[in-house]
Amino acid sequence: MTNPKSQALIDAVNTSFESVLGYKATHIVQAPGRVNLIGEHTDYNDGFVLPCAIDYQTIVAAARRDDNIVRVVSVDYANETKEFDLTEEITFDNDCMWINYIKGVVKCLRGRGYEFGGADISVSGNVPQGAGLSSSAALEVVIGQTFKTLYNLSISQQEIALNGQQAENEFVGCNCGIMDQLISAEGEENHALLIDCRSLETKAVSMPEDMAVVIINSNKKRGLVDSEYNTRREQCEEAARIFGVKALRDVTIEQFNDRVAELDEMVAKRARHVITENDRTEEAAVALSNGDMKRMGELMAESHASMRDDFEITVREIDFIVETVKEVIGDQGGVRMTGGGFGGCVVSIVPPALVDDVKAVIAAKYEAETGLKETIYVCKAMPGAGELVLA
Ligand code: GAF
């Protein structure tokens, strides 16, 4: 689906396709980034998440080739062009990171038994990179969607997501969960999705019409994110082992409280975050669909405190933004860090009448406090990946 921000991307990929590859593309395909409203670090614990796809996307112009070459132009890297051959082993490129997302997706698709030939592709995106809004997942999903479109592959949206996650886990080397790829592949317009990350069932939850989703990028560079992410995963897995369950999803807060004394203090904190966050996320889906912003705001505040104090993944800059926005919106909306943590973005759900106040207070205080300048995106919940049929 196009949105007012898509047109520049569509023009850019069409232009670069034609100027670098020498003919016109036959298809335009998109996949969105995402913002997670609540349910952080719960996906790899088989738990619940509540993200929505956003109107920041990765867009591809593509055409089939009649040989086995995949040739890709990256508009965002000065039209850098890379190619690989489907008849040869697809290997990691140490000198060019962006092509690895594409190689990984293609390799995993072939590994799953899908058969297809070569393609010419030009790609560009406006999902901010490294900000916790899933630019990597959008790239993985748009490439899966592109081969589906070009070769009429009978692959479900869910499998496009799983394939993207597999590429990230096994080829790129980040041990992420399924949330980002699944919402990018299956998002729904004007809705968040409550995702059960064990069954992968989704439930669409309508976004209140009278609220705006405002994302504030702290522009704090996310340090140590991969190593800290993997450490959190290991701590959660250790807690699940101690409780004798497959994943922390299977532990209730009562069971946790009964045995907390047996746990190492840090493992206990990590587990408490995940167990309480799962409960909050299911409750938040109900609050959001009822338009109960007071309760939604309380749950988002509890989620943020839990990420800060128990999971220990927030940073000073992010805490400052959350506290500052909360002073403006009171109990009329919600605000919390979103994404993997250690920098990145804050998500807030606010009455439209307060959007300018939120922007103004952050502009007035954030840089003075931290030396960094924020970027603000006012977003809409968008559909997941698909071909764009242009008028
Ligand atoms: C990152 C990961 F990619 C997701 O799978 C999820 O774990 C998230 O961090 C934290 O909720 O975006």
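Below is a table of values for the structure above.
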item	result
Helices (runs of 4 or more DSSP H) contained in the range 282-391 and holding at least 1 residues within 16 Å of the ligand (Cβ to nearest atom)	293-309, 316-329
Criterion (closer than 23 Å to residue 34 by Cβ and touching a helix residue (DSSP H, G or I) at 6+ places or on another chain (Cβ under 9 Å)) met by exactly one of 310, 279, 357	279
Matching entry among 245, 251, 267, 315 (being within 23 Å of residue 35 (Cβ to Cβ) and not charged (D, E, K, R))	315
The range 40-53 - residue that is within 7 Å of the ligand (Cβ to nearest atom) and assigned to a loop (DSSP other than H, G, I, E, B) and, of those, nearest to residue 345 (Cα to Cα)	40
All positions within the range 2-39 that are closer than 20 Å to residue 128 by Cα, hydroxyl-bearing (Ser, Thr, Tyr) and not in a helix (DSSP H, G or I)	2
Single match in 219, 175 (criterion: in contact (Cβ under 8 Å) with a residue 12 or more places away in the chain, within 15 Å of the chain's Cα centre (by Cα) and surrounded by 13 or more Cβ atoms within 10 Å (Cβ to Cβ))	175
Residues that are surrounded by fewer than 20 Cβ atoms within 10 Å (Cβ to Cβ), of a type outside the set (S, T, N, Q) and within 16 Å of the ligand (Cβ to nearest atom), drawn from the range 116-142	128, 130
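The numbers here are math on the coordinates, done by the rules we state, and not lab data. Since the structure is predicted, the reported quantities are computational estimates derived from the model, not experimental observations. We place every Cβ from the backbone using ideal geometry, glycine too, and count neighbours over all the protein chains shown.
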